[in-house]
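J.: Please see the structure below; I have some questions.
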Amino acid sequence: MKNSVYMADELVKKKLEELKESTSEDQALLMALEKAIDQLQRSVFSGTQVPKKQIPKQLVKKYRLKNLWKCDLRDGWRLIYFIISDGDTAIAVIVDWMPHKEYERLFHY
């Protein structure tokens, strides 16, 4: 099975582009994101699956997703994505990345 990685929408694409043009302190986060994206291109299942009952309802409503995965990044950051299939291709759709505190608020931890 082939793997692909896409951004969920234009806002996520823009957020990544802005990070590429940001300060040097954000470059470490950018490198961690790029490494995670490279890993997802090799295997979309490389993250940790979020239990279905813990998936935030606003994400289910917005993206009509049926699964959610996370990748732990440096300094407590999290990348969240879901997986869809297109024939023989598994596609990781990146929803967002956020610091751990924001992740905890989103998931009501």
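The values are calculated or read from the model by the stated rules, or taken from the named source; none is laboratory data. Nothing here was measured: the structure is a model prediction, and the numbers come from that model. When we count neighbours, we look across all protein chains shown, and the Cβ atoms used for this are built from the backbone with ideal geometry, even at glycine. Each accessible area value is taken on the protein alone, full model and side chains, heavy atoms only, with ligands, DNA and RNA left out. Shrake-Rupley method; radii C 1.70, N 1.55, O 1.52, S 1.80 Å.
J.: Give, in nm to one decimal, the length gained when the segment between Lys13 and Arg64 is fully stretched (0.36 nm per residue of separation minus the Cα-Cα distance).
T.: Full extension from Lys13 to Arg64 adds 16.5 nm.
J.: Show which lysines lie in cross-link reach of Lys15 when reach means a straight Cα distance below 27 angstrom and same-chain residues fewer than eight apart are skipped.
T.: Lys2, Lys35, Lys52, Lys57, Lys61, Lys62, Lys66, Lys70, Lys101
J.: Solvent-accessible area per residue for the chain at a 1.4 Å probe radius, Å²?
T.: So the chain comes to 64 Å² accessible per residue, rounded to a whole number.
J.: Can you divide the C-alpha Rg of the stretch 12-75 by 2.2 N^0.38 Å and report the result to two decimal places? Provide the component values of the computation, followed by the final result.
T.: Numbers: Rg = 13.8 Å, N = 64, 2.2 N^0.38 = 10.7 Å.
Normalised Cα radius of gyration, the stretch 12-75: 1.29.
J.: Charges only on Cβ, +1 for Lys and Arg, -1 for Asp and Glu: so what's the dipole of the chain about the Cα centre, in debye to the nearest 20? Mind showing how you got there, number by number?
T.: Values: 19 positive and 16 negative charges, 141 e Å.
The calculated dipole for the chain is roughly 680 debye.
J.: P(r) of the stretch 40-101 in 10 Å steps, Cα pairs, percent per bin?
T.: For the stretch 40-101, the binned pair fractions read 21, 56, 22, 1 percent.
J.: Which far-off residues, 5 or more places away or on another chain, put their amide H under 5 Å from the one on Ser4, with H placed in the peptide plane?
T.: Residues meeting the amide H criterion: Ala90, Ile91, Ala92.
J.: Moving on. Where the accessible area of the chain is counted over protein heavy atoms with a 1.4 Å probe, how much of it, in %, is carbon and sulfur?
T.: Taking all protein chains in place, the chain shows 51 percent carbon and sulfur surface.
J.: Report the normalised scattering of the chain as log10 I(q)/I(0) at q = 0.10, 0.20, 0.21, 0.22 Å⁻¹, calculated by the Debye formula with identical scatterers on the alpha carbons.
T.: -0.27, -1.12, -1.23, -1.34
J.: How much length is gained if the chain between Gln41 and Lys57 is pulled fully straight, taking 0.36 nm per residue apart and subtracting their Cα-Cα distance, in nm to one decimal?
T.: 3.1 nm
J.: Could you tell me which of Pro56, His100, Ala8 has its Cα farthest along the dipole of the chain towards the positive end, charges placed at Cβ (Lys, Arg +1; Asp, Glu -1), taken about the Cα centre?
T.: It is Pro56.
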